[in-house]
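Take a look at the structure set out below.
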Amino acid sequence: MADVLVVVDHVEGVVRKPSLEVLTLARRLGTPVALALGPGAGGTAQAVGGHGVERVLVNEGDEFADFSVVPRVDAVQAAVEAVSPVAVLFVSSGENKEIAARLALRVGSGVIVDAVDVEPDAKGPVVVQSVFAAAYTTRSRVTRGVPVITVKPNSAPVEPAVGAGVVEELPVRFGDVSRVARVVERTARVSSGRPELTEAAIVVSGGRGLGSGEGFALIEGLADALGAAVGASRAAVDAGWYPHAHQVGQTGKSVSPQLYIASGISGAIQHRAGMQTSKTIVAINKDPEAPIFDLVDYGVVGDLHTVVPQLTDDINTRKN
Ligand code: FAD
């Protein structure tokens, strides 16, 4: 079976869930070979071995932590040359999309970003994308070289599979360009204890209907009851009620959780662009004509200041 190279995102060897999702898709195309870079990369072996990976290429060089992006391009290129895969898969993130684009340029192939599925095909993998605010589904194929594909988080289930997970050191030759952009400082984000927005299985979002920044306490309460991440509309972010890092939509983040709950959000096209591929969508809005109701699986017409606390209480009661 052909090898599929999967670039694994990890923190000190702890593999992030979206990478395990990508491994599920990779197994449809062939045998996944994982590539893990930076401090603790070797620690990923057990986790990826439990998801069908036979070989784990590892390089723990300081360059990956000390310099921005290009050392990773050098490493993925080295892995492509070592493995000759039928495709290279990444999780869709800002950094990975940059690496993917630079890699495709170097190896003379094409890149397709934000895939929601991949299908095996004799002519090369077919990549499924959900585009124009999920109004269309497209199927595309890279027609030259090794296809480079980034996959949106929450596009596939995490499915364990047996693999040897044998670690192999990957030699990487870093070019001069690799050391051009140095990381000079890192500040850890204060953790809310909630899941990362783009990776969360459940997202609870608030909009202008909350009426104030304090209103987000309701959203956070519901999110915590569900173990969810918190999202926000641009109107709420522009009003200074919640940080931009939580904005969902065209100029914010794209999310595709199992459950998306929109509270006091009208459902403008630019908001929908970032959440329309969610599996189940619930809206709470006092206006029965709000456009968000065209999109939802379940809609509650009512004042969110009444509905959200009731919902939160009910969930907490059922949990106890
Ligand atoms: P509103 O449209 O004002 O809707 C508020 C809703 O709350 C209404 O439907 C109202 O009925 C309801 N409501 C009010 N009070 C209550 C209550 N007590 N209980 C229940 N419901 C209540 N927007 C994004 O979200 N993300 C983006 O990334 C984004 N990018 C953009 C990019 C561009 C180039 C442009 C032009 C716009 C962009 N926008 C984006 C803005 C977008 O067009 C909308 O203006 C925005 O999404 C509206 O936010 P909202 O739904 O919170 O507010």
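Taking the centroid of alpha carbons for each part, the stretch 143-185 and the stretch 217-272 are 30 Å apart. Computed from the Cβ-Cβ distance with R0 of 41 Å, the FRET efficiency linking Asp121 to Ile315 stands at 0.40.
Can you tell me the FRET efficiency between Glu214 and Gln250 if r is taken as the Cβ-Cβ distance and R0 is 30 Å, rounded to the nearest 0.05?
Efficiency, from the Cβ-Cβ distance: 0.65.
Quote the FRET efficiency, to the nearest 0.05, computed for Lys279 versus Glu81 with a Förster distance R0 of 41 Å and r equal to the Cβ-Cβ distance. After rounding to 0.05, the efficiency reads 0.60.
In debye, nearest 20: dipole of the stretch 1-100 around its Cα centre with unit charges on the Cβ of K, R (+) and D, E (-)? All intermediate terms of the calculation are to be shown ahead of the outcome.
Details: 7 positive and 13 negative charges, 108 e Å.
Here the stretch 1-100 has a charge dipole of around 520 debye.
Using only side-chain charges placed at the Cβ, +1 for Lys and Arg and -1 for Asp and Glu, the dipole size of the chain relative to its Cα centre rounds to 560 debye. A crude spin-label estimate for the pair Val107 and Val69, with each label 7 Å from Cα along the Cβ direction, gives 1.9 nm.
Once you sort the root eigenvalues of the Cα gyration tensor of the chain as a ≥ b ≥ c, which label holds: rounded (a/c under 1.5), prolate (a/b larger than b/c) or oblate (the other case)? Taking the square roots of the gyration eigenvalues as a ≥ b ≥ c, the chain is prolate.
Please give the peptides 140-148, 269-277 ranked by average Cβ packing (other Cβ atoms within 10 Å per residue), highest first, as a rough proxy for protection.
Details: 140-148: 17.4, 269-277: 21.7.
Order by mean packing, descending: 269-277, 140-148.
Roughly to the nearest percent, how much of the accessible area of the chain is carbon and sulfur, given a 1.4 Å probe? After summing per-atom areas, the C and S share lands at 51 percent. Taking each of Lys97/Lys123; Lys17/Lys279; Lys253/Lys286; Lys286/Lys319 in turn, the alpha-carbon distance tops 21 angstrom for Lys97/Lys123; Lys253/Lys286; Lys286/Lys319.
The values are calculated or read from the model by the stated rules, or taken from the named source; none is laboratory data. Because the structure is a prediction, the values reported are computed rather than measured. Don't worry about glycine lacking a Cβ; one is built from the backbone with ideal geometry, like all the others, and counts go over all protein chains shown. Calculation scope for accessible area: heavy atoms of the full protein, side chains included, ligands and nucleic acids excluded. Shrake-Rupley method; radii C 1.70, N 1.55, O 1.52, S 1.80 Å.
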